[in-house]
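The structure appears right after this line, and notes come after that.
Read-outs throughout are calculated quantities, based only on the coordinates presented, and are distinct from any laboratory measurement. This is a predicted model, so every value here is computed, not measured. We place every Cβ from the backbone using ideal geometry, glycine too, and count neighbours over all the protein chains shown.
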Amino acid sequence: MKQLLISLIALIFSVQIFAAAEIGEDPYKKIEHIKLKNGMQVFLAPSDEATTTSLRLEVGVGWDIEKSGEYGISHLLEHVLFRDKSLKDEMTYLQLIREAGGEANGSTSSRVTSYFGSIPAKKGTWLLESFGKMILVPSILPEFVQKEKGTVELEIGRPGPISETLGFNPMDYLYPSYLREPGFWKSEFGIKGNEDRFTRTEEQLSNRKLEPAQLEKHYADWYYPANMKLFVAGKYDRAQMMAEIEKTWGSLPAKEGKKMPAPETPNPVERPFVRRTLWDGNPYVYLGAKAWNMSFKDTEIAQLYMEFLTHRLMKEIRNIKGQTYSANASVYFNRGYGYGAIQFQTPKEHLLENIDIAKDYIQKEAREGQITEAQMKEAITLYLSQYQLMGRDAEKMMSLASHYDSQLEEYGSFVSPFQVLQNMKLDEYKSSLKATFNENHAYEMVYSPYLFFTFDIYVLYFLTAVVSFIGLRKFFTKPFAHDRLQWIRKIQYPPVKMMEALGLVAVYVGVIHFQMLLTRFATQSQFIQSHLFLSNYLSSVVWMFGTILIACGVYALMPRKMMVVDGKLMIKSVTYYSKLIPLEQISKVESFRGIAHPFAFKLWFKQVGFRNFFVTPKFWQKGLLIHLKNGKAYYYSVNQADKAALELTQILVKQQQQESISIAA
């Protein structure tokens, strides 16, 4: 018995050693976070295995704070700072570092402007010195600014000739941003996307107008120690590196400057995010959950569970069934909110089956807590062992340092994932999964192939259009006997189809607003989005029919001809619609010069109102004014209004005479 107990203890101990060997050493232990006296933050991520030294300088400014007249200023300044008047032969720091055997570049995002470079370890201190000269002794000269405007333009593109001439892009007004379907972050968390800030054309035009004085002020406002972070990763002598940091960066005086506003606070929507999208490849599936108010521990648990789930899906639907190419974790959490999902590709014929398999895993394990301690430990081991595959080169250490900084910024402190997960209890694990993968917060995106045949949706568009035109024609067209036509007169319109062109603009405005309303209605309905036929095919039918109906409605407001047939005045529109006015309802017809009576408010606003169809540019001419017995009136532009009024009055008199004879008889 004693021997058995000793053997069991030895086995448990050996398993623990093996698990620890698989997980390896916590790489975050080597990372240092130092705050200099002037407020600048320094992150050191050393590695004896690396052969290079990497630097990254981050300045807390980006396009989020840029206003009209300075769009793109952070990006342009980033380019200009690589130039130095002391360098010869039109050199920049890009070429200088390249010729020293390294590489460097910069980037600008919504909240951060970054400068980064890498070089063989023996020149790491020299690279830091070069970065100091580049950033701290700027050469914001007019000739440099002008040249870098051209470089930026090659990157972001030139404004089109129309935009350049007008000073704006007409398309920004033809399809304004409020009509666009909101992206995931805006629809689910109320967070603005990049498209809500300024357009690419606005940046292109602004880039051309930016002046050196604006860049100098931008530099003075934002480039100060407390608004900078320096990352050093890879192989280097710590004492030498810190001495150079203190000499170059630590000696800068503390300074107050501008600060980026706090990031937007999410306003999450309590509903599942479900989307079905047609495409012509093999189906792609994303399944998981969106979440918010998460701790760092929660985000790590979501990440490791998604990776563990993809690992098992690969076993089941790829290795056993051969029904997927690969499965991956697609996880993004920022400041405690975001989404975690698995992503896999599958044949069309197995789409629903494999979706059900993945959903079943999430339902039973994450929501119902049917997960064992052994499974949890396996998931943690698989997740943490990935850190050993990263290696310890400068690039990977820089990535770890960035993660360290992100956690500090988002949560106010840093705790290593190793420390969090290796001490995880099963109850904690289950509780976190249950909260994160709440069924009301489901995240489901499916890119599905066409239901019937390739591009069947376009055939459906065509058939809907044909049926709509036939149906509307049958419904609105009013037949009449041509041999009983008594009088006809064409409405006078502006030349070169100007009214029809204006009608087309009105149709376009109506259609894009209808599309916006239809899209928002469809995307907010989980029932519609859960069915491919409803979300794509039926929605397409409704959109096409609505588009044709709007077009018919707009052009129905444009009268083309006036005819008298069978005792009725027929106002025939450009489209199928016709307005019928029985002659007995007309009290008076006259030719009328509207320009001579601009202050006849009762006539224009009460009697005529929207029934004013005097659209000829010859505003001095007379029009045909038709008074009804109910007090309403119609006003039309016609040629020879005096003659038209006389002819129509004669028809009315004749109609009245016939009615009198009929009554007498």
Could you check the simple spin-label distance between residue 162 and residue 513, using points 7 Å along Cα→Cβ, in nm with one decimal? 2.2 nm
Angle between the Cα long axis of helix 2-23 and the longest principal axis of the chain, 0 to 90 degrees, nearest 10? 60 degrees
How would 126, 249, 185 line up from fewest to most surrounding beta-carbon atoms within 10 angstrom? 126, 185, 249
Compute the separation of the alpha-carbon centres of region 276-298 and region 239-269 and state it in Å as a whole number. 34 Å
Please figure out what share of the DSSP beta bridges in the chain is antiparallel and state it in percent, rounded to the nearest 5. 85 percent
Once both label points are put 7 Å beyond Cα along the C-beta direction, the residue 181-residue 660 separation in nm becomes 6.7 nm
Gyration tensor on Cα atoms of region 583-664, a ≥ b ≥ c root eigenvalues, a/c under 1.5 rounded, else prolate if a/b beats b/c, else oblate, says oblate
On a 0 to 90° scale, report how tilted helix 296-313 is relative to the longest principal axis of the chain, with both axes built from alpha carbons and the result rounded to the nearest 10. 80 degrees
List the pairs from 67/290; 478/561; 149/217; 192/359; 235/259; 123/247 whose alpha-carbon separation is above 22 Å, in the order I gave them. 67/290; 192/359; 235/259
In this structure, the FRET efficiency calculated for residue 501 and residue 601 from their beta-carbon separation, with R0 = 25 Å, to the nearest 0.05, is 0.20
Can you give me the convex hull volume of the Cα atoms of region 456-559, divided per residue and expressed in Å³? 124 Å³
At 0.36 nm per residue, minus the direct Cα-Cα distance, what do residue 350 and residue 457 gain on full extension? Give it in nm, one decimal, please. 36.3 nm
By Cβ neighbour count within 10 Å, fewest first, 469, 475 rank 475, 469
Would you work out the relative contact order for region 456-559, in percent, from Cα pairs under 8 angstrom that are 6 or more residues apart? 47 percent
Relative contact order for region 583-664: what percent, with Cα pairs under 8 Å and sequence separation of 6 or more? 37 percent
Counting only DSSP beta bridges with both residues in region 31-250, tell me the antiparallel percent, nearest 5. 80 percent
Could you list 488, 135 in order of exposure, starting from the residue whose Cβ has the fewest other Cβ atoms within 10 Å? 488, 135
Which of 476, 466, 491 sits closest to the plus end of the dipole of region 456-559, meaning its Cα is farthest towards the positive end, when Lys and Arg get +1 and Asp and Glu get -1 on the C-beta? 491
Once the dipole of region 269-406 is set up from charges on Cβ (+1 Lys and Arg, -1 Asp and Glu), the residue from the list 406, 278, 292 lying farthest towards its positive end is 278
Compute the helix-to-body angle for 641-664: its Cα long axis versus the longest principal axis of the chain, expressed 0 to 90° and rounded to tens. 60 degrees
In nm, what is the difference between 0.36 nm times the number of residues separating residue 38 and residue 646 and their Cα-Cα distance? 209.6 nm
Nonlocal Lys pairs with alpha-carbon distance under 15 Å, region 583-664 (8 or more apart, or different chains): 8
For residue 147 and residue 474, calculate 0.36 nm times their separation in residues minus their Cα-Cα distance, and state this gained length in nm to one decimal. 111.2 nm
At the level of C-alpha centres, the distance separating region 486-541 and region 378-397, in angstrom, is 54 Å
Could you tell me which trypsin sites (Lys or Arg not before Pro) in region 185-225 are loop residues by DSSP with no more than 12 other beta carbons within 10 angstrom of their beta carbon? none
Candidate cut points under GluC sites (Glu not before Pro) in region 213-291, DSSP loop plus at most 11 other Cβ atoms within 10 Å of their own Cβ, are 256, 270
I'd like the FRET efficiency for residue 618 and residue 590, computed as 1/(1 + (r/R0)^6) with the beta carbon distance as r and R0 of 25 Å, rounded to 0.05. 0.85
Those trypsin sites (Lys or Arg not before Pro) in region 55-85 that DSSP places in a loop and that have at most 12 other beta carbons within 10 Å: 67, 85
Remind me, relative contact order of the chain in percent, using alpha carbon pairs under 8 angstrom and six or more residues apart? 14 percent
Among 369, 420, 394, pick out the residue whose Cα is farthest towards the positive end of the charge dipole of region 348-467, where Lys and Arg carry +1 and Asp and Glu carry -1 on C-beta, about the Cα centre. 420
Can you compute the charge dipole magnitude of region 583-664 about its Cα centre, using +1 on each Lys and Arg Cβ and -1 on each Asp and Glu Cβ, nothing else charged? Give it in debye, rounded to the nearest 20. 320 debye
I'm spelling it out carefully: the read-out is volume of the Cα convex hull per residue in Å³, the candidates are (i) 159; (ii) 253; (iii) 172, and one was derived from this structure. Which label? (ii)
